[in-house]
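In what follows, a structure is listed as structure tokens, so that the remarks can point back to it.
The values are calculated or read from the model by the stated rules, or taken from the named source; none is laboratory data. All values derive from a computational prediction rather than experimental measurement. When we count neighbours, we look across all protein chains shown, and the Cβ atoms used for this are built from the backbone with ideal geometry, even at glycine. Surface areas here come from the heavy atoms of the whole protein model, side chains and all, with no ligands, DNA or RNA. Shrake-Rupley method; radii C 1.70, N 1.55, O 1.52, S 1.80 Å.
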Amino acid sequence: DGFTASRLFSQGFSYTYDDVIFLPHYIDFPADAVDLSTRLSRNHPLSIPCVASPMDTVSETSMAVAMASLGGAAIIHCNTIPARQAAIVRSAKSRCIPFASDPSFFAPSDFVSSAADFGSASFAIVTESGSSKSKPVGLISRSDWEALADEDYPVSKYMRQTPASIPSNYDFEQVAAFLAGEGLKMASLVGVDGEIIDLVSAEDVVRIRSFPKLGVPSLSPDGKFLVGAAIGTREEDKERLTHLVKAGVDVVVVDSSQGNSKYQMDMIKHAKNTYPSLDIIGGNVVTMAQAQNLIKVGVDGIRVGMGSGSICTTQEVCAVGRGQATAVYKVSSFANDYDVPVIADGGISYSGHIVKALVLGASTVMMGSFLAGSHEAPGIYEYQDGRLVKKYRGMGSLEAMTKGSDARYLGDTLKLKVAQGVVATVADKGSILKFIPYTMQAVKQGLQDLGASSLPIAHDLLRTDVLQLEVRTGAAQVEGGVHGLSSYEKKAF
Ligand code: XMP
């Protein structure tokens, strides 16, 4: 008694996720029986449909290893020089545990000038020359430095003992057993060539153990964590691509806000010709015609969304884009016929949005703001009005563009930069290792209500008109949220 998707989305309206609601179907299986396994791109399976955005306040090493451990993936942003982006990919691929602290390195004679020198880590490593490749001589802690911050001491003055080392190919259980067996509080992870990769502490082990059990991790055929990275569409991005391939990247996203361009087609053709076994994801697109052009040049995945992101101003500035529910439905119903997985990119604030994106045809959702307040996002927490927050910024914001991301929004080297995004903050959400499993449980419950025990089944139920939906009026949207209370505590888990 509702509308079929084909009928609802062909009436000339641009619908967002919040505009539409599914009608429930029939349940004959428990929520735990819902299988969320999916594909990031043609050749890369995932066990959960979650992808972290290629944004410089979202996806670097920590996000990549945590996402891969959970069974999702992260796309390393390209708002940095190619060598640094490739180093992040290499760093993520060199780990086998679900977390990374990304410690800084100092020589004994160095001085720490500000807390930012520690990055987001609590400890830094002291080596003979200050490089990760030279001999370790000790450790410094952020709290020791803070206690001495009024004095100007070189790090050798407050350095602690060198920790024991563990091979970096140890998995989480091996690391835990080693620390417990030796009664150690901390150890360094060391690669085959003797390079120090990270520090792990007994505290980290206890923290991870308190989180829900991890799913099946995303591994690439080389047995390492699956890691993606973004490139732009300029000539110099061909060199970036070479750096990334040498670093072991598994999948590359060609990052443009309007992907139906000659520049993107040329880049996809170049990448497919040069590295035929590398999966290339194109985008962003919101129409079938745009998707058709990407499919013609052989993309292995399509990223959908224009102006739906929380920090986006593209629709206001350029008057171009599409409501995300309509965009995901339209592009997916076309791309799925060619077996090309769709990534629904942007506009995810709740688990319900994820359910809608997936049922409307997407294989995964790509998230920025949903992940930017996590421990794994780059940057440090700050206090804002008594609340812990992290910075989150659009890659089309003026601030990000001054670091190079203007390629995504301009396509050439225009002199006058016009922002298509904002700089913001998001609240602390803790670790994704905790909140993503809860979110996935909520998604399973949504799919259960729709009688879909897997994503292919959900897509099939929608395509065959078994699943129906309706547009929510403004009042229905108010009714669908918490309302009419003088106060309430919003806690999801
Ligand atoms: P969410 O809603 O998850 O959106 O925060 C993340 C997605 O937004 C896109 N993005 C931008 N779009 N201006 C835009 O119009 C920007 O500055 C900008 N930065 C990111 C991108 O697709 C990302 O995955």
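Here are the numbers:
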| read-out | value |
| --- | --- |
| Which listed residue, of Arg160, Arg240, Arg234, Arg207, is touching a helix residue (DSSP H, G or I) at 6+ places or on another chain (Cβ under 6 Å) and open to solvent by 30 Å² or more (accessible area, probe 1.4 Å) | Arg234 |
| Residue in segment 385-398 that is of a type outside the set (Ser, Thr, Tyr), touching a residue at least 40 places away in the same chain (Cβ under 8 Å) and farther than 23 Å from Gln85 by Cα present | yes |
| Pair list, Cβ under 6 Å, 6 or more apart: segment 246-263 residue closer than 12 Å to Ala64 by Cβ and more than 15 Å from the ligand (Cβ to nearest atom), other residue part of a strand (DSSP E or B) and aliphatic (A, V, I, L, M) | Val249/Ala229 |
| Selection status of Phe178, of a type in the set (Phe, Trp, Tyr), within 30 Å of Thr402 (Cα to Cα) and either touching a residue at least 40 places away in the same chain (Cβ under 8 Å) or surrounded by 16 or more Cβ atoms within 10 Å (Cβ to Cβ) (or both) | no |
| Only listed residue being in contact with a strand residue (DSSP E or B) (Cβ under 9 Å, 6 or more places away or on another chain), surrounded by fewer than 24 Cβ atoms within 10 Å (Cβ to Cβ) and not in a loop (DSSP other than H, G, I, E, B), chosen from Ser91, Ser101 | Ser91 |
| Conditions (1) in a loop (DSSP other than H, G, I, E, B); (2) under 26 Å from Gly138 (Cβ atoms); number of the one not met by Glu235 | (2) |
| Residue match in segment 332-355 (condition: open to solvent by 30 Å² or more (accessible area, probe 1.4 Å), near the ligand (Cβ under 10 Å from one of its atoms) and either of a type outside the set (D, E, K, R) or in contact (Cβ under 8 Å) with a residue 40 or more places away in the chain (or both)) | yes |
| The lone exception for Val304 - which of (1) within 11 Å of the ligand (Cβ to nearest atom); (2) at pLDDT below 95 it fails | (2) |
| Criterion (open to solvent by less than 10 Å² (accessible area, probe 1.4 Å), part of a loop (DSSP other than H, G, I, E, B) and either in contact with a Ser or Thr (Cβ under 7 Å, 6 or more places away or on another chain) or over 25 Å from Lys356 (Cα atoms) (or both)) met by exactly one of Ser14, Ser109, Ser59 | Ser59 |
